[in-house]
Amino acid sequence: MNASMEKVLIVDDSAVTRTLIGDILNGTYELDFQENGADGIAAAHSFLPALILLDIHLPDIDGYEVCRRLKDDEQTREVPIIFITAMDSEQERVKGFEAGAEDYVVKPFYAGELQARVKAHLATRRAKAQAVELGQLKIFKEMAVALSHEINNPLTTLYGCLHLLRAEAGSGEAVAENLALMRAELDRVRQITEKLGRASRVAETSYHRDVTMIDLDNI
């Protein structure tokens with residue numbers, strides 16, 4: 001299985017429908033099949049699919065309730081859900097959209113139609129994620145520039161004090177070494193502020209357990 005494939009969760013109790021969807025989407029997406037609502041919800045939380053194809057008439061929890069639960073959960077709220085059903089009434093469609101579904105495919109469906117709808121909703125989700133990332137980058141850059149400015153002011157003062165200390169310290173070797181060490185550390189701080197000012201991306205690195213921090217080497 002290609003690790004870069006987007007994961008699509010199919011929740012349908014019909015073996016025929018699962019086989020048909022598998023024939024249409026297999027090879028393009030990584031597919032996971034579940035036969036009832038409870039297992040579908042558990043699977044969605046387990047691996048967070050990129051998209052869910054959801055039957056309405058399931059043997060335990062109906063698709064409307066499954067959809068509502070997933071949309072009420074912060075972890076799965078942004079996952080697009082496409083209902084798959086044999087029911088094509090306006091009332092059924094409205095009920096599906098009110099439950100939070102993004103789209104509706106009626107059985108029997110054409111292969112090209114299903115492929116197009118899945119592709120379109122995945123593209124929309126990627127665009128939304130990119131917009132969020134760009135917004136986060138804008139905030140990060142504004143903060144980085146402000147921090148760089150705030151740090152540079154006292155840093156300039158410290159460089160001035162270090163220069164005066166050098167002039168007054170004489171030629172003692174130990175003093176000279178300590179002053180050189182101070183200068184090196186001040187240079188490191190200056191380099192960090194310059195990186196912050198030039199930041200063009202937000203890069204994270206693992207810090208401790210589930211905590212991450214900004215990776216200054218890769219911003």
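Take the conditions closer than 22 Å to ALA129 by Cα and among the acidic types (Asp, Glu) and apply them to ASP60. Does it pass? Judged against the criteria, ASP60 is not a match. Among the residues of region 44-82, those that are touching a Phe, Trp or Tyr at 6+ places or on another chain (Cβ under 9 Å) and within 19 Å of ALA15 (Cβ to Cβ) comprise LEU53, LEU54, ASP55, ILE56, GLY63. For GLY100, the conditions (1) touching a residue at least 24 places away in the same chain (Cβ under 8 Å); (2) touching a His at 6+ places or on another chain (Cβ under 7 Å) are fulfilled apart from (2). Filter region 140-165 down to residues that are in contact (Cβ under 8 Å) with a residue 24 or more places away in the chain and either small (Gly, Ala, Ser) or not assigned by TED's automatic domain parsing to the domain that holds ARG198 (or both) and give me whichever is farthest from GLN191 (Cα to Cα). Only one residue tops the list, namely ALA144.
Each residue in region 34-61 was checked for being farther than 17 Å from PHE109 by Cβ and in contact with a helix residue (DSSP H, G or I) (Cβ under 7 Å, 6 or more places away or on another chain), and 9 of them qualify.
For region 87-133, the set of residues classified as of a type in the set (Val, Ile, Thr) and not in a helix (DSSP H, G or I) consists of VAL105, VAL106, listed by residue number.
Exactly one residue among VAL8, VAL66 is of a type in the set (Val, Ile, Thr), buried (at least 17 other Cβ atoms within 10 Å of the Cβ) and within 21 Å of ASP88 (Cα to Cα), and that residue is VAL66.
Scanning region 23-63 for residues that are crowded, with 20+ Cβ neighbours inside 10 Å and of a type in the set (S, T, N, Q) returns a single hit, GLN34.
The values are calculated or read from the model by the stated rules, or taken from the named source; none is laboratory data. Being a predicted model, the structure only gives us computed values, none of them experimental. Neighbour counts run over all protein chains shown; Cβ positions are idealised from the backbone, glycine included.
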